[in-house]
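Reading through the structure tokens given below for one structure.
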Ligand SMILES: C[S@@+](CC[C@H](N)C(=O)[O-])C[C@H]1O[C@@H](n2cnc3c(N)ncnc32)[C@H](O)[C@@H]1O
């Protein structure tokens, strides 16, 4: 984590370029870890820093800070911040912390950061970072470069690309590969076979189209076995699918996989919000889809903003920003949705805090507008339940900034 220079450099810049907020002030670092943020605060002129750390890392931080002659300005306290009592009930001018997990909310440390504000911040004191914002956008499990690869080589399969497809309905998308009826678009087997067709013989061997979604489906395939040492285990296939798709996928997202220009956002204000407001969070969305594709789910990332008196700094973990150890997060729909360019995708991401220092997510995505029904009139909608603490890491691509 210390070696994540995007992260460490952003904190250094945010703190040192706002030295006027720190000069002569009493600061608290919540979850000091190595103590490096407390050190930056001293470099910016802080008179005293309380460096709070719940784990045994506190001992290492104390050693490190002592070895660098900082013990007179930084006091390491080994405790959960919720249980800290400062000498003579002292209050602090500024609280710094790095409480973000992946997707911002994982680990539920934001609540401890806000509780520290309630317990220790003087009226008018500042929080660094000041706000956190969750961003979401629909994604397809295939990159634009992959599409380009196909377009360059194959007239047939790439007729599905937006430019040549009449924008009418989901049925039009399926018409490219007849005879799949529109009502089957929610059927993962059909989407899978369409995906297989999309990867035409010319491009065979290019493992890019729906690679992630297909990987999860492949794991489920085992459970369709009707003769496993004589046992029919297929009755558990649906449960296995739910388990695999309940895993959030942490890794870099290629910006070209995003299917909308805009993003949906949910801001958390660390200077105002109460801890309880983080127990249940909703992120409603409505996206205008920018190109025809299969929507495999929702890509989610975050930024935090340091609203200093001198300058505002933003640390972003977006797909188009330099990579960080938080990567981005993808929530995969077990049943993807085919969308035409300019169609709307609407829905909600509900995040419910759980007892495993994380969140249970419910993602619902559906087509909006008059074209949003199948031929039998039912809504085209897909829902998936995700356990944020059961993340799977997927590092197959590199961050946009380094490619
Ligand atoms: C992301 S790490 C921070 C790393 C640190 N900023 C650094 O640069 O080395 C979060 C730290 O907060 C600590 N922590 C989590 N919850 C805490 C709490 N309630 N009170 C005190 N420390 C906590 C963890 O043990 C962990 O070391």
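The values are calculated or read from the model by the stated rules, or taken from the named source; none is laboratory data. Note that this is a predicted model, so its numbers are computed, not measured. So basically every Cβ, Gly included, is an ideal-geometry build from the backbone, and we count neighbours across all protein chains shown.
Being touching a strand residue (DSSP E or B) at 6+ places or on another chain (Cβ under 8 Å), outside any strand (DSSP E or B) and either in the same structural domain as residue 381 (by TED's automatic domain parsing) or surrounded by 19 or more Cβ atoms within 10 Å (Cβ to Cβ) (or both) is not true of residue 284. Only one of the listed residues (49, 27) is assigned by TED's automatic domain parsing to the domain that holds residue 63 and without any contact (Cβ under 8 Å) to a residue 40 or more places away in the chain. That residue is 49.
Within the range 51-64, identify whether any single residue is near the ligand (Cβ under 8 Å from one of its atoms), touching a helix residue (DSSP H, G or I) at 6+ places or on another chain (Cβ under 9 Å) and on the phi > 0 side of the Ramachandran plot, and answer yes or no. Taking every residue of the range 51-64 in turn, none turns out to be near the ligand (Cβ under 8 Å from one of its atoms), touching a helix residue (DSSP H, G or I) at 6+ places or on another chain (Cβ under 9 Å) and on the phi > 0 side of the Ramachandran plot.
Residue 24 - would you say it is assigned to a loop (DSSP other than H, G, I, E, B), modelled with pLDDT of 95 or more and either within 15 Å of the ligand (Cβ to nearest atom) or surrounded by fewer than 17 Cβ atoms within 10 Å (Cβ to Cβ) (or both)?
On the way: assigned to a loop (DSSP other than H, G, I, E, B): yes; modelled with pLDDT of 95 or more: yes; either within 15 Å of the ligand (Cβ to nearest atom) or surrounded by fewer than 17 Cβ atoms within 10 Å (Cβ to Cβ) (or both): yes.
Yes, satisfied.
For residue 96, the stated conditions do not hold, so it cannot be described as within 8 Å of the ligand (Cβ to nearest atom) and under 28 Å from residue 272 (Cβ atoms).
Within the range 1-21, work out how many residues are outside any helix (DSSP H, G or I) and touching a strand residue (DSSP E or B) at 6+ places or on another chain (Cβ under 8 Å).
Taking the range 1-21 first, the residues outside any helix (DSSP H, G or I) are 1-4, 17-18.
When the remaining residues are screened for being touching a strand residue (DSSP E or B) at 6+ places or on another chain (Cβ under 8 Å), the result is 17-18.
Residues flagged as outside any helix (DSSP H, G or I) and touching a strand residue (DSSP E or B) at 6+ places or on another chain (Cβ under 8 Å) within the range 1-21 amount to 2.
Is it the case that some residue within the range 272-280 is in contact with a strand residue (DSSP E or B) (Cβ under 6 Å, 6 or more places away or on another chain) and surrounded by fewer than 20 Cβ atoms within 10 Å (Cβ to Cβ)? Walk me through it before giving the result.
Residues of the range 272-280 in contact with a strand residue (DSSP E or B) (Cβ under 6 Å, 6 or more places away or on another chain): 279-280.
Now narrow it down to the ones that are surrounded by fewer than 20 Cβ atoms within 10 Å (Cβ to Cβ): 279-280.
Yes, some residue in the range 272-280 is in contact with a strand residue (DSSP E or B) (Cβ under 6 Å, 6 or more places away or on another chain) and surrounded by fewer than 20 Cβ atoms within 10 Å (Cβ to Cβ).
Identify, please: which residue in the range 1-21 is exposed (fewer than 14 other Cβ atoms within 10 Å of the Cβ) and modelled with pLDDT of 95 or more and is, among those, farthest from the ligand (Cβ to nearest atom)? So, considering only residues that are exposed (fewer than 14 other Cβ atoms within 10 Å of the Cβ) and modelled with pLDDT of 95 or more, the one farthest from the ligand (Cβ to nearest atom) is 20.
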